[in-house]
1. So which residues in the range 339-366 are open to solvent by less than 10 Å² (accessible area, probe 1.4 Å) and either assigned to a strand (DSSP E or B) or among the β-branched types (Val, Ile, Thr) (or both), if there are any at all?
2. Does the range 135-150 hold any residues that are open to solvent by 10 Å² or more (accessible area, probe 1.4 Å) and away from the ligand (no atom under 11 Å from the Cβ), and which are they?
3. So if I check each of Ala241, Ala282, Ala272, Ala252, which one is surrounded by fewer than 21 Cβ atoms within 10 Å (Cβ to Cβ), among the aliphatic types (A, V, I, L, M), within 25 Å of the chain's Cα centre (by Cα) and assigned to a helix (DSSP H, G or I)?
4. Which residue, of Ala191, Ala154, Ala175, is in the same structural domain as Trp38 (by TED's automatic domain parsing), open to solvent by less than 10 Å² (accessible area, probe 1.4 Å), near the ligand (Cβ under 10 Å from one of its atoms) and assigned to a helix (DSSP H, G or I)?
5. Please work out which one of (1) at pLDDT 95 or above; (2) crowded, with 24+ Cβ neighbours inside 10 Å is the condition Glu160 fails and give its number.
6. Residues in the range 296-328 that are part of a helix (DSSP H, G or I), open to solvent by less than 50 Å² (accessible area, probe 1.4 Å) and in contact (Cβ under 8 Å) with a residue 12 or more places away in the chain: how many?
7. Taking the range 335-345 only, how many residues are out of contact with any Phe, Trp or Tyr (no Cβ under 9 Å at 6 or more places or on another chain) and either in contact (Cβ under 8 Å) with a residue 40 or more places away in the chain or within 12 Å of Ala360 (Cβ to Cβ) (or both)?
8. Scan the range 78-96 residue by residue and report those that are assigned to a loop (DSSP other than H, G, I, E, B) and among the polar types (S, T, N, Q).
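The values are calculated or read from the model by the stated rules, or taken from the named source; none is laboratory data. In this text, all values refer to a predicted model and were calculated from it rather than measured experimentally. Reconstructed Cβ throughout: ideal geometry from the backbone, glycine too, with neighbour counts over all protein chains shown. Note: accessible area is taken over every heavy atom of the protein model, side chains too, but ligands, DNA and RNA are not part of it. Shrake-Rupley method; radii C 1.70, N 1.55, O 1.52, S 1.80 Å.
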Amino acid sequence: MTTNQAPHESTEPHSPTGPAHAVARHRELFGTPPEGVWSAPGRANLIGEHTDYNDGFVMPLALPHATTVTGSRRADGLLRVHSRDIPGPTVEFVVDELAPRSAEGWAAYPAGVAWALREAGHAIGGADLYLESTVPTGAGLSSSAALEVSTALALNDLYELGLPPEVLARHAQRAENDFVGIPCGILDQMASACCTAEHVLHLDTRDLSRRQVPFDMAAEGLRLLVVDTQVKHALADGAYAERRAECEAGAAALDVPALRDIAHDQLDAALARLADPAVPPAVRRRVRHVVTENHRVERIVALLDAGRAREIGPVLTEGHASLRDDFEVSCPELDLAVSAATAAGALGARMTGGGFGGSAIVLVEADATDTTTKAVLAAFAERGHVPPRVFEAIPSAGARRLPLAG
Ligand code: GLA
């Protein structure tokens, strides 16, 4: 999976130790064997950025990087969570007393999921959960969603709730929105819950209808790379919420429920309506991004369905320009990753995820993987940036229960 071993010892901040190790560690920490082990991945988004909170379309793939959780029920109503990756003691909550914003740090995510399930009337009691993750944090690859969805899946099975993946994804999103306080859309949680290996997920975020679109890059002689710029983003810092508000203002000015309701062939008329001096110019640009981005999702689906995977490259690069210029969520390091990769002959590249740092994706011919990677690393070195981490985005399985080993 690694394509640039040189600047870093490992592409993964924490190596996977596997279910057998996690089972042993669970027993050691909690004095009881786990009843099950579950896994939920991080994601990269191929196309459809900042469209999810506009009821639009997205196209993520699951990464091989995942959060693994071992779990066992407790009869005393306590939720105890322990992370291998974040130094610190086991964190303990009384499930009945969980309330929005009552927890901080990483443990707020699993606690928020327990809260969201309870709020929805599901009879979940206490649990011991031990978590290990290989999803890089702050890299725009949905480490939070992996944490939420793995917890949701564990509680769903432990308490035999029988909820389908899209409902678990909704509870995970609610945990993040209302308990943790981050106003994200549904992209990351649906990707983690519903993606399948060798496919991208074509998802309509309005009603969660979806289709798995074959995306076996290796069979096509292509590679999809992730360039983690290591620039940390913080969705909570207000810029994400500001973009959401601008999109809502655009929809209100155009008198539609959401920007998804503006079809691509209505864009010029919509922009003309927004030329009113009372509408901030930024709102016009945000609208243009969302409408063209939804159209790019359609274009990419059509190309993939027609077996013309190579031709998606320029559409990806166009998407980056729109995020950089119209949506203004890129940063110099992401722009550099994209420009260096395309100058070196990549078929296309774009930032992925929320932006303001994090990762870019790059589509290359398989035999151009090394030259493109080297060109990106050289460009970063020349500008004095921290070396990015480059690895292959192999479309992997979504959330699932693993065999209980050990
Ligand atoms: C973050 C959010 C998602 C989505 C993307 C941008 O990853 O969590 O809901 O809005 O940004 O597409």
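1. Gly348, Ala349, Arg350, Met351, Thr352, Ser359, Ala360, Ile361, Val362, Leu363, Val364
2. Matches in the range 135-150: Thr137, Gly138, Leu147.
3. Ala241
4. Working: Ala154 fails: near the ligand (Cβ under 10 Å from one of its atoms); Ala175 fails: near the ligand (Cβ under 10 Å from one of its atoms).
Residue meeting the stated conditions: Ala191.
5. Looking at each condition in turn, Glu160 falls short on (2).
6. Summing the residues that are part of a helix (DSSP H, G or I), open to solvent by less than 50 Å² (accessible area, probe 1.4 Å) and in contact (Cβ under 8 Å) with a residue 12 or more places away in the chain in the range 296-328 gives 17.
7. Just the residues of the range 335-345 that are out of contact with any Phe, Trp or Tyr (no Cβ under 9 Å at 6 or more places or on another chain), to begin with: 335, 338-339, 341-345.
Among the residues that remain, those that are also either in contact (Cβ under 8 Å) with a residue 40 or more places away in the chain or within 12 Å of Ala360 (Cβ to Cβ) (or both) are: 335, 338-339, 341-342.
Matching residues across the range 335-345 total 5.
8. Correct list: Thr90 only.
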